[in-house]
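Notes follow once the structure below has been shown.
The values are calculated or read from the model by the stated rules, or taken from the named source; none is laboratory data. Because the structure is a prediction, the values reported are computed rather than measured. With ideal geometry, Cβ positions are generated from the backbone for all residues, glycine too; neighbour counts draw on all protein chains shown. Side chains included, ligands, DNA and RNA excluded: accessible areas come from the protein's heavy atoms. Shrake-Rupley method; radii C 1.70, N 1.55, O 1.52, S 1.80 Å.
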Amino acid sequence: MSFRITPLRPVEELRAEALKSQAPKEEGTFREPDLVELVKLDPTIKLDIRYATTNNFLGTPVYTQARAFLERPAARALVLANHQLRHHGYGLIIHDGYRPWYVTKIFWDATPDDKKNFVANPAEGSKHNRGCAVDLSLYDLKTGEEVQMPSGYDEMTDRAYADYPGGTADERARRALLREAMEKQGFKVIPDEWWHFDYKDWKLYPIINVKFEDLSQ
């Protein structure tokens, strides 16, 4: 089960507000968004989109569909990382990719102040909102099961830190293997979350606020 918080306000109330809100206006020239569904590029990538279920830190579904998208260059880089990991007996399992801006606002408004370092400020937008961030882990090719890491996904504790020294040697080794494969393809882990990787070109893309069901099939 995912780590849980008690939302500051009911999620349905926050969702209604977020859907009526406007994403921040940005200045500058950006690439045209070109979001690609990951499993259509590589069907060996597994999905565990917890925000489409009750198994997430808010304890209620936030997404209406269990899908994962990234901007095309980031998606292609992810496929290369997945191919590299297969030589080590692992594949990638995706928990989240592109995230509509309104969901970032829900997360921020629901999360207590002492845990806000684990969620993005909607006033600035998230790299997830740009289609250039991905939350992921490894699964064992032999069993098909997600592997153990030093913390669970979305765990808002110091065990989630990318350089957390605890956990078992095997857990730390798997975390390091994931990080090595992702960084080789142009992604960078964030310090507070071993599972969260940002693609190098994220600044070139705008904040997007389109629901999954409104993206092209």
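Descriptive notes on the structure:
- Prolate/oblate/rounded label for the stretch 11-57 (Cα gyration tensor, a/c 1.5): oblate
- Its Cα gyration tensor gives the chain an equivalent ellipsoid, and the semi-axes of that ellipsoid, as √(5λ) in whole Å with the largest first, are 26, 21, 16.
- Relative contact order (percent, whole number), the stretch 16-90, Cα cutoff 8 Å, 6+ residue spacing: 29
- If R0 is taken as 45 Å, the Cβ-Cβ distance between His88 and Glu124 corresponds to a FRET efficiency of 0.80.
- Here is the list for the stretch 2-69: trypsin sites (Lys or Arg not before Pro) lying in DSSP coil, each with at most 11 other C-beta atoms within 10 angstrom of its C-beta, are Lys25.
- Residue-normalised accessible area of the stretch 133-174, given per residue in Å² at a 1.4 Å probe: 47
- Of all the options Ser21, Ser151, Ser137, the one that moves most in a Gaussian network model of the chain with Cα springs shorter than 10 angstrom is Ser21.
- Within a Gaussian network of the chain (alpha carbon springs, distance under 10 Å), most fluctuating of Asn56, Asn82, Asn121: Asn121
- Proximal charge balance of His83 [Cβ under 12 Å; K/R count +1, D/E count -1]: +2
- Kirkwood hydrodynamic radius of the stretch 107-217, from the reciprocal of the average inverse Cα-Cα distance over all distinct pairs: 15.5 Å.
- Within the accessible surface of the chain, defined with a 1.4 Å probe on protein heavy atoms only, the carbon and sulfur portion equals 48 percent.
- Counted charge near Leu14, where neighbours are those whose Cβ lies closer than 14 Å (Asp, Glu -1; Lys, Arg +1): 0
- A simple spin-label model places the labels of Glu145 and Glu180 2.5 nm from each other, with each point 7 Å out along Cα-to-Cβ.
- Förster radius 41 Å - calculated FRET efficiency between Asn55 and Asp34, Cβ distance, rounded to 0.05: 0.85
- Using C-alpha pairs below 8 Å separated by at least 6 residues, the relative contact order for the stretch 93-158 is 39 percent.
- The stretch 1-119, accessible area per residue, ligands and nucleic acids excluded (1.4 Å, Å²): 48
- Helix-only arithmetic for the chain: the sum of -39500 (n - 2.57) across DSSP H runs with n ≥ 4, divided by the residue total, places the mean residue ellipticity at 222 nm at -7500 deg cm²/dmol.
- For the chain, relative contact order (Cα pairs under 8 Å, six or more residues apart, normalised by length) works out to 25 percent.
- For the chain, modelled as a GNM whose springs connect Cα atoms under 10 angstrom apart, the maximal fluctuation among Asp113, Asp135, Asp42 occurs at Asp113.
- Global geometry of the stretch 1-114, whether rounded, prolate or oblate, following the gyration tensor of its Cα atoms and the 1.5 cut on a/c: oblate
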